[in-house]
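What follows is a set of notes on a single structure, which appears directly below.
The values are calculated or read from the model by the stated rules, or taken from the named source; none is laboratory data. This is a predicted model, so every value here is computed, not measured. So basically every Cβ, Gly included, is an ideal-geometry build from the backbone, and we count neighbours across all protein chains shown. Only protein heavy atoms, including side chains, enter the accessible area calculation; ligands, DNA and RNA are left aside. Shrake-Rupley method; radii C 1.70, N 1.55, O 1.52, S 1.80 Å.
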Amino acid sequence: MSVNLKVLTKLSAKFAVISCLLFSTFAAYSQAIPTEEAVITAGKALFENNCTQCHKVTDEVVVGPGLKGVHVRRPMPWLIKWIRNSTLLINSGDAYANEIYNKFGKTQMQSFDFKDAEIVSIVAYIKSESEKVVAAPAASAAPTDGGTATAAQPQDTTSMNLILVLFVAILAIILIVLVLIISILTKYLNNSTSLSDIDKEVVNTKYDFAAVYNSKAFKGIATFVFVLVVGKACIDGMVGIGVSQGYAPTQPIAFSHKLHAGEYKINCNYCHTGVYKSKSASIPSTNICMNCHNAIKQESPEIQKLYKAISTGRPIEWVRVHNLPDLANFNHATHAKVGGIECKQCHGPVEQMEVVQQYSSLTMGWCINCHRETAVNGKDNHYYDALMAAHAKNSKEPMKVKDIGGLECSKCHY
Ligand code: HEC
Ligand code: HEC
Ligand code: HEC
Ligand code: HEC
Ligand code: HEC
Ligand code: HEC
């Protein structure tokens, strides 16, 4: 009995020490992760700009593992090394790094040139998000603003259609009732004995369509309507020459922006790498696709086309959607970076498109209208300070693109 007691106290002492150790290491990890709102917000921005194309903060695998709880799974120094350069860590022989690298089909996670504090802020965001997912599973199920907005639109058009159909149905019913009333009345009058012969003739006259058809008034109206319809078609056709709004050609690979830019939230400039720094937004090379598709959906026939392109060295021949004539000069960096205009203002909701289509008319009038209406973006751009000050002296209106030469022929035409 006494022996047992001794063993028991020894054991419990050991247990206490071990759990104390465990707790303190755990506490050390969790203490290292800040909880200030500002740090979490900074981490959120970094995460959304760099990580969302491959990771979610849930258990769901995107390209890489779900990062929920990774702050508990891995110590901070490991996370810092991994995020800064995962290849270096793998090559150093780190067991965990090699295990996860092999588990994800040797997909390389890219390196990030972040400072320690930046990585800590990302982990702080992951921690706060992981705890949110645990605390409020219902919140993630609730529709986001974007979700309801997109759902509302088709609903509106279907209810409009329903109203139209109802309206036509009601008109048809009224017509049938009127015809019925006429035939009943005619029958009644014919049967009544108090009608004179002349009255009867009036009641039974058939409507003479031939007479109407041959009348001058009818011919006049018909000619007028015909000229109107043909004229409108001609004008539309002439205005529309060279305008290919709505053009959505079939592409050699069934690439979906809805999936990549919408669902997986891959940034536009991850693929269209030139958009903030050069004239052309550029179409991604096959290598950019391979960053992910050397591991994802290898078995899909559409993805096999990527492998074939790589092995034959022949690029994929995407069909061009937008095409300004050579006489016009358009620059993406000027608009998307300097002007601060969002892609969707010119390209529409690309992240909802299965197949990209030309959203705007791309006519000269379209360019000019926007230059007339849009104020120059002077935020964080001191280049315009002096011009804006000079403009403010002469006008109460904000400085528009037209005021800096946006309507000059030579700016847009070579
Ligand atoms: C191009 C895709 C890609 C991007 C972008 C990316 N990762 Fe990864 N990440 C991976 C893959 C794939 C793995 C799995 C290991 C491997 O195959 O290298 C991984 C693994 C990880 C792990 C280890 C997860 C675990 O469960 O142990 C962490 C942590 C991580 N990534 C953080 C980040 C952070 C933070 C960012 C953004 C700064 C980021 N990753 C951006 C693809 C990516
Ligand atoms: C994963 C890579 C990827 C991402 C992310 C991506 N795109 Fe694309 N984009 C492509 C490819 C490939 C094409 C050519 C095939 C096609 O037209 O569908 C393309 C074509 C386009 C075109 C038509 C180009 C033409 O031929 O005139 C526009 C416009 C466009 N993308 C805009 C966007 C916008 C806006 C976003 C962000 C919301 C975006 N893209 C995100 C890969 C991407
Ligand atoms: C950052 C990662 C990433 C990049 C870059 C990327 N994709 Fe994808 N792609 C995905 C993911 C994730 C899926 C969805 C896989 C799934 O449904 O399981 C996908 C699915 C697809 C599919 C559908 C396959 C099928 O059969 O369901 C096609 C086609 C595709 N991608 C083409 C491309 C092309 C072409 C490019 C290059 C312009 C590209 N992807 C670049 C991540 C990426
Ligand atoms: C002010 C309007 C405008 C904005 C903003 C804009 N684009 Fe464009 N985009 C155009 C026009 C116009 C063309 C046709 C250019 C041509 O044919 O020379 C085009 C063409 C493209 C193309 C086809 C390839 C090329 O460079 O010609 C891609 C891809 C593209 N845009 C992506 C984007 C992305 C991604 C963004 C947002 C970061 C964006 N665009 C913002 C007007 C715009
Ligand atoms: C959605 C609005 C919008 C549309 C559409 C648009 N632009 Fe612009 N554009 C701007 C803004 C804003 C600037 C000013 C950028 C800056 O601050 O330098 C600009 C500047 C320019 C400039 C430089 C002007 C200068 O004086 O420096 C040229 C050239 C130009 N746009 C050409 C075009 C052409 C060509 C089209 C049509 C294919 C077009 N833009 C369509 C908004 C637009
Ligand atoms: C903001 C940019 C912009 C400015 C400023 C501008 N244009 Fe244009 N212009 C365009 C674009 C873009 C097109 C091509 C439209 C199309 O293909 O439908 C065009 C087309 C034209 C065409 C028709 C060419 C053809 O082949 O149909 C003529 C002519 C023309 N511009 C003359 C002018 C003159 C003259 C001025 C100065 C008063 C001027 N433009 C100013 C953008 C501009």
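Brief remarks on what is shown
- At R0 = 56 Å, FRET efficiency that the Cβ-Cβ distance of Ile368 and Val202 yields, to 0.05: 0.30
- The residues of the range 257-412 expose on average 66 square angstrom of accessible surface per residue, using a 1.4 Å probe on protein heavy atoms.
- Legend: distances between Cα atoms for Lys68/Lys337; Lys81/Lys344; Lys277/Lys400; Lys232/Lys411; Lys56/Lys115; pairs beyond 29 Å are Lys68/Lys337; Lys81/Lys344; Lys232/Lys411.
- As a fraction of the 1.4 Å probe accessible area of the range 341-413, surface on carbon and sulfur atoms comes out at 57 percent.
- Close amide H partners of Lys400, meaning residues 5 or more places away or on another chain with modelled amide H under 5 Å apart, are Val376.
- Summed residue charge, Cβ within 13 Å of Arg74's Cβ, Lys/Arg positive, Asp/Glu negative: +2
- Separation of alpha-carbon centers, the range 54-106 and the range 364-387, rounded to whole Å: 44
- Within-15-Å neighbourhood charge of Ala42 [Cβ basis; K, R +1; D, E -1]: -3
- R0 of 25 Å, Cβ-Cβ distance Lys308-Val355: FRET efficiency to nearest 0.05: 0.70
- 3J(HN,Hα) couplings calculated from phi for the range 366-374 with the Karplus curve 6.51 cos²θ - 1.76 cosθ + 1.60 (θ = phi - 60°) are, in sequence order, 5, 4, 4, 4, 5, 5, 6, 9, 8 Hz; Gly and Pro show x.
- Reachable aspartates and glutamates from Lys103, criterion Cα separation under 19 angstrom, eight or more residues apart if same chain: Asp59, Glu60, Asp94, Glu299
- Projected over all directions and averaged, the alpha-carbon convex hull of the range 47-90 occupies 3.2 nm².
- In the context of the full protein assembly, Asp403 retains an accessible surface of approximately 70 Å², using a probe radius of 1.4 Å and ignoring ligands and nucleic acids.
- Per-residue surface analysis assigns Thr250 an accessible area of about 120 Å², computed on protein heavy atoms at 1.4 Å probe radius.
- Extension gain, Ile288 back to Leu180 (0.36 nm per residue minus Cα-Cα distance, nm): 31.8 nm
- In this structure the amide hydrogen of Val61, modeled in the peptide plane, comes within under 5 Å of the amide hydrogens of Gly66, none closer than 5 places in sequence on its chain.
- Each Lys and Arg contributes +1 and each Asp and Glu -1, all at the Cβ; summed about the Cα centre of the range 33-141, the dipole is approximately 260 debye.
- Computed from backbone phi with θ = phi - 60° and the Karplus coefficients 6.51, -1.76 and 1.60, the 3J(HN,Hα) list for the range 314-322 is 9, x, 6, 8, 5, 7, 5, 9, 8 Hz; x is used for glycine and proline.
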